[in-house]
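Read the structure below first, then the notes.
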Amino acid sequence: MDRHTSFITAPFITAPFLRHISQKILLSTTLFISASSLFSPLAHAQTDSNTARVISAGAAITEIINALGAEQQLIAVDVTSKTLVADNIPKVGYHRQLSAESLIALAPTRIIGSDEMGPPKTLTLLKQSGIEVDIVNGGETVSDLLHRIDQVAALTQHSQQAQQLKQTITTTVKTIKQNNSHQTQPKKVLFLMIHDGRPISVAGKNTTADSIITLAGAINPAAAVVANYKPVSTEAILQMQPDIILLSNRTTASIKDMAQLIKKMPVLEATPAAKNNAIAVIDGTALIGGLGIHSINEAMRLNHIFYPQS
């Protein structure tokens, strides 16, 4: 998945502005971080880093491993991490649907993933085969992210590098907040999860999408209505009156503009977002495994899109 995500812009986002933002983003702090919070902080962290053979089951985990400089320990990753590693690194499938047999065949010493990793039967078989299975949660706050960095650093024996990485994140978050301090009228931004064959869902509270929207200086109107990703009624959408609709780049591969979105979800026609043709796009990998490094980068990018003059 392309990490330099394209986006559909509202009329207030001009071509010169896009060039300005592209330059600004390239010059801004670039992070290389990711997700988790271990149930066993220093569990089995004594494995020699020169002999460690790690499988990362989640893009947010792989981001942290790369950012810590521990990528030499990676022998395989799940498909959500495929853009984060070399082509010759084996891909072991989706982190929620791992196969014990294929993982065991790679002879890893440990597998690191979020609490989304599974299924449970696979994890049990891996443990029974003598492989360390380190589960890190998918917390949605910056504090969760900083803690996960410490956890992954301990497991990969890169704790010294973790301090600089955490400082970079803290500085970037501070910069975003400073940009937000100038906003007197925050935008209302609604994230829609659209998959064929399933009801359209909104991102409520306790989601990475909500955290990114908030970090970017906007208000998520769905957070006051639902938790997690859930369908909501037509009446609820009308009451939310979003200024901007946020979609993942996976969704915009098939829904390319507001007209197509309204055809899919007619209620949106009566919102400010539709009237202003305001759609923004987020890289879907930033939503996997909790608030991660790429999530922070996307919050920075979206901040400039939501508020073009900041």
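The values are calculated or read from the model by the stated rules, or taken from the named source; none is laboratory data. Remember, it's a predicted structure, so these values are computed and weren't measured experimentally. Note that each Cβ is placed from the backbone with ideal geometry, even for glycine, and that neighbours are counted across all protein chains shown. To get the accessible areas, we keep the full protein, side chains included, count just its heavy atoms, and leave off ligands, DNA and RNA. Shrake-Rupley method; radii C 1.70, N 1.55, O 1.52, S 1.80 Å.
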- Residues in the range 60-71: is at least one over 18 Å from the mean Cα position of the chain (by Cα), farther than 19 Å from Thr208 by Cβ and modelled with pLDDT under 95? no
Among residues of the range 206-223 being hydroxyl-bearing (Ser, Thr, Tyr) and part of a helix (DSSP H, G or I), the residue surrounded by the fewest Cβ atoms within 10 Å (Cβ to Cβ) is Thr214
Subset of the range 173-205, residues modelled with pLDDT of 95 or more, over 11 Å from Asn303 (Cα atoms) and not aliphatic (A, V, I, L, M), comes to Lys174, Lys188, Phe191, Ser201, Gly204, Lys205
Open item on the list: Being farther than 24 Å from Asp243 by Cα, crowded, with 20+ Cβ neighbours inside 10 Å and not hydrophobic (A, V, I, L, M, F, W, C) is the requirement here; does Gln160 meet it?
Closed with: no
Checked Asp134, Asp144, Asp150, Asp210 against criteria (of a type in the set (Asp, Glu) and within 30 Å of Glu235 (Cα to Cα)); the one match is Asp210
Exercise for review: Please tell me if Ile111 is of a type outside the set (Asp, Glu), in contact with a strand residue (DSSP E or B) (Cβ under 8 Å, 6 or more places away or on another chain), modelled with pLDDT of 95 or more and more than 17 Å from Ala67 (Cβ to Cβ).
Suggested key: yes
Among Gln128, Gln167, Gln97, the single one that is open to solvent by 60 Å² or more (accessible area, probe 1.4 Å), free of Cβ contacts under 8 Å to residues at least 12 places away in the same chain and within 20 Å of the chain's Cα centre (by Cα) is Gln167
Check your understanding: on the phi > 0 side of the Ramachandran plot, small (Gly, Ala, Ser), part of a loop (DSSP other than H, G, I, E, B) and open to solvent by less than 70 Å² (accessible area, probe 1.4 Å): does that describe Gly197?
Key -> no
Worksheet item: Taking the stated definitions as given, is Ala273 over 25 Å from Gly290 (Cα atoms), of a type in the set (Gly, Ala, Ser) and crowded, with 20+ Cβ neighbours inside 10 Å?
Response: yes
Considering residues that are of a type in the set (A, V, I, L, M, F, W, C), more than 23 Å from Leu291 (Cα to Cα) and touching a residue at least 24 places away in the same chain (Cβ under 8 Å), the number found within the range 100-122 is 5
- Within the range 173-187, can one find any residue that is among the hydroxyl-bearing types (Ser, Thr, Tyr), in contact with a helix residue (DSSP H, G or I) (Cβ under 9 Å, 6 or more places away or on another chain), within 26 Å of Val136 (Cβ to Cβ) and surrounded by fewer than 19 Cβ atoms within 10 Å (Cβ to Cβ)? no
Note on the range 140-157: residues within 12 Å of Ile65 (Cβ to Cβ) and either in a helix (DSSP H, G or I) or open to solvent by less than 40 Å² (accessible area, probe 1.4 Å) (or both) are Arg148, Ile149, Gln151, Val152, Ala153, Leu155, Thr156
In the range 289-302, anything buried (at least 24 other Cβ atoms within 10 Å of the Cβ), aliphatic (A, V, I, L, M) and touching a helix residue (DSSP H, G or I) at 6+ places or on another chain (Cβ under 6 Å) is listed as Leu291, Ile293, Ile296, Ala299
How many residues of the range 273-286 are touching a residue at least 40 places away in the same chain (Cβ under 8 Å) and over 13 Å from Glu63 (Cβ atoms)? The answer is 9
If we scan the range 224-236, do we find a residue that is touching a residue at least 24 places away in the same chain (Cβ under 8 Å), open to solvent by less than 10 Å² (accessible area, probe 1.4 Å) and in a loop (DSSP other than H, G, I, E, B)? no
